[in-house]
1. Scan VAL93, VAL2, VAL79 and give me the residue that is in contact with a strand residue (DSSP E or B) (Cβ under 6 Å, 6 or more places away or on another chain), under 15 Å from VAL122 (Cα atoms) and touching a residue at least 40 places away in the same chain (Cβ under 8 Å).
2. For segment 68-99, enumerate the residues that are more than 22 Å from ALA14 (Cβ to Cβ) and not hydroxyl-bearing (Ser, Thr, Tyr).
3. Any idea how many residues of segment 13-52 are farther than 24 Å from SER125 by Cβ, surrounded by 14 or more Cβ atoms within 10 Å (Cβ to Cβ) and among the basic types (Lys, Arg)?
4. Do you know which residues across segment 94-106 are open to solvent by 40 Å² or more (accessible area, probe 1.4 Å) and among the hydrophobic types (A, V, I, L, M, F, W, C)?
5. Go through (1) among the polar types (S, T, N, Q); (2) surrounded by 15 or more Cβ atoms within 10 Å (Cβ to Cβ); (3) more than 11 Å from the chain's Cα centre (by Cα) for GLN82 and report which single condition fails.
6. Run THR58 past the list (1) open to solvent by 60 Å² or more (accessible area, probe 1.4 Å); (2) under 19 Å from GLU118 (Cβ atoms); (3) out of contact with any Gly (no Cβ under 8 Å at 6 or more places or on another chain) and report the number of the one that doesn't hold.
7. Within segment 7-126, considering only strands (runs of 3 or more DSSP E) that don't extend past its boundaries, which have at least 1 residues that are in contact with a Cys (Cβ under 8 Å, 6 or more places away or on another chain) and among the β-branched types (Val, Ile, Thr)?
Amino acid sequence: QVQLVEHGGGLVQAGGSLRLSCAASGRTSSRYAMGWFRQAPGKEREFVAAISWSGSSTYYTDSVKGRFTISRDNAENTVYLQMTSLKPEDTAVYYCAAKIGPAISIATTKGSMDYWGEGTLVTVSS
């Protein structure tokens with residue numbers, strides 16, 4: 001079992017930056033692809049970014065390309081989402097998730113993950 005806990009959410013002005021982190025514990029010796037998802041009020045959860053176990057492959061949804069960066073430090077069992085140039089439409093609860101296996105797949109972007117964190121709220125004011 002893997003437990004995921006997100007940190008770093010908060011209130012930020014449009015154009016500002018936030019760095020989210022996701023700390024993993026439990027069966028962290030296995031290889032997991034990781035992803036970030038978000039859910040805005042009244043909206044379905046959507047894919048944001050994913051990263052392979054090695055960090056060599058990343059993928060982003062179009063709306064965050066050039067603004068968000070996903071990274072990981074396997075030695076610290078932590079995944080990050082650096083968010084810059086934030087917009088009000090980025091407001092959402094952000095969830096960290098893990099998928100068994102080292103590679104990103106279509107299933108990953110569709111939200112087919114094995115473990116989920118509880119989420120951290122990001123609010124971007126205008």
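The values are calculated or read from the model by the stated rules, or taken from the named source; none is laboratory data. Remember, predicted model here, so these are calculated numbers, not experimental data. Heads up, the Cβs are rebuilt from the backbone with ideal geometry, glycines too, and the neighbour counts pull from every protein chain shown. Side chains are part of the model used for accessible areas, which takes the heavy atoms of the whole protein and leaves out ligands, DNA and RNA. Shrake-Rupley method; radii C 1.70, N 1.55, O 1.52, S 1.80 Å.
1. VAL93
2. The answer is ARG72, ASP73, ASN74, ALA75, GLU76, ASN77, VAL79, CYS96, ALA97, ALA98, LYS99.
3. Residues flagged as farther than 24 Å from SER125 by Cβ, surrounded by 14 or more Cβ atoms within 10 Å (Cβ to Cβ) and among the basic types (Lys, Arg) within segment 13-52 amount to 1.
4. Residues satisfying the conditions are ILE100, ALA103, ILE104, ILE106.
5. (3)
6. In the conditions (1) open to solvent by 60 Å² or more (accessible area, probe 1.4 Å); (2) under 19 Å from GLU118 (Cβ atoms); (3) out of contact with any Gly (no Cβ under 8 Å at 6 or more places or on another chain), THR58 misses (2) alone.
7. It comes to 78-83.
Condition check ((1) modelled with pLDDT under 95; (2) in contact with a Phe, Trp or Tyr (Cβ under 6 Å, 6 or more places away or on another chain); (3) of a type in the set (Ser, Thr, Tyr)) across all residues:
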position	(1), (2), (3)
VAL2	yes, yes, no
ALA14	no, no, no
CYS22	no, no, no
ILE51	no, no, no
THR61	no, yes, yes
